[in-house]
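Single-structure report; data block below.
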Amino acid sequence: MFSADEIEAIVLGSRWVVARSNDRRLSQSAHQAMSKILAVLPAELRERAEATNLLVARMGMETASVDAGQIRLAIRNERKLFIT
């Protein structure tokens with residue numbers, strides 16, 4: 001089981017990905033993963049996770065001109081990419 005500090009780290013990390021990533025698929029996956037984690041937590045930890053005040057500010061982000069999902073796939077498959 002996760003400790004309270006670990007839950008806060010997971011929540012903050014998930015919120016960071018959702019708020020800061022230009023990769024829509026990764027953002028959706030972070031949101032879905034957080035939902036799954038919250039669903040199996042004991043009530044006390046779930047309430048703590050949902051009530052945490054740890055937030056990530058959304059900054060004016062430029063639209064990505066590259067598909068970050070393709071970059072993640074190349075990394076996962078240990079492939080080289082040539083980016084021009």
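Over the stretch 4-76, what is the relative contact order in whole percent, taking alpha-carbon pairs under 8 Å and six or more residues apart?
Once normalised by length, the contact order is 41 percent.
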Please compute the volume of the convex hull spanned by the alpha-carbon atoms of the chain and report it per residue in Å³.
111 Å³
Exposed trypsin sites (Lys or Arg not before Pro) absent - longest run of the chain, DSSP non-H/G/I/E/B, at most 12 other C-beta within 10 Å:
1-57
Taking a crude spin-label model, label points 7 Å out from Cα along the C-beta direction, the residue 56 to residue 16 distance in nm is 0.7 nm
Mind giving me the FRET efficiency for residue 3 and residue 84? R0 is 41 Å, r the Cβ-Cβ distance, nearest 0.05 is fine.
0.35
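Hand me the GluC sites (Glu not before Pro) from the chain located in a DSSP loop with no more than 12 other Cβ atoms within 10 Å, in residue order please.
Details: sites: 6, 8, 44, 47, 50, 62, 78; in loops: 62, 78.
Qualifying residues, ordered by number: 62, 78.
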What does the charge dipole of the chain about its Cα centre add up to, to the nearest 20 debye, if the Cβ of each Lys and Arg holds +1 and the Cβ of each Asp and Glu holds -1?
420 debye
Theoretical ellipticity at 222 nm over the chain - DSSP helices of four or more residues, -39500 (n - 2.57) apiece, nearest 500:
-19500 deg cm²/dmol
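Where does the charge balance sit around residue 70 when Lys and Arg score +1, Asp and Glu -1, over other residues with C-beta under 12 Å from its C-beta?
Numbers: positive: 25, 72, 76, 79; negative: 23, 67.
Every neighbour counted, the sum reads +2.
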Specify which residue in the list 54, 18, 4 is farthest towards the positive end of the charge dipole of the chain, using unit charges on the beta carbon of Lys, Arg (+1) and Asp, Glu (-1), about the Cα centre.
18
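Each reported figure results from applying straightforward, stated rules to the coordinates on display, with no laboratory input. These numbers come from a predicted model, not from an experiment. Glycine also receives a Cβ, built like all others from the backbone with ideal geometry; neighbour counts cover every protein chain displayed.
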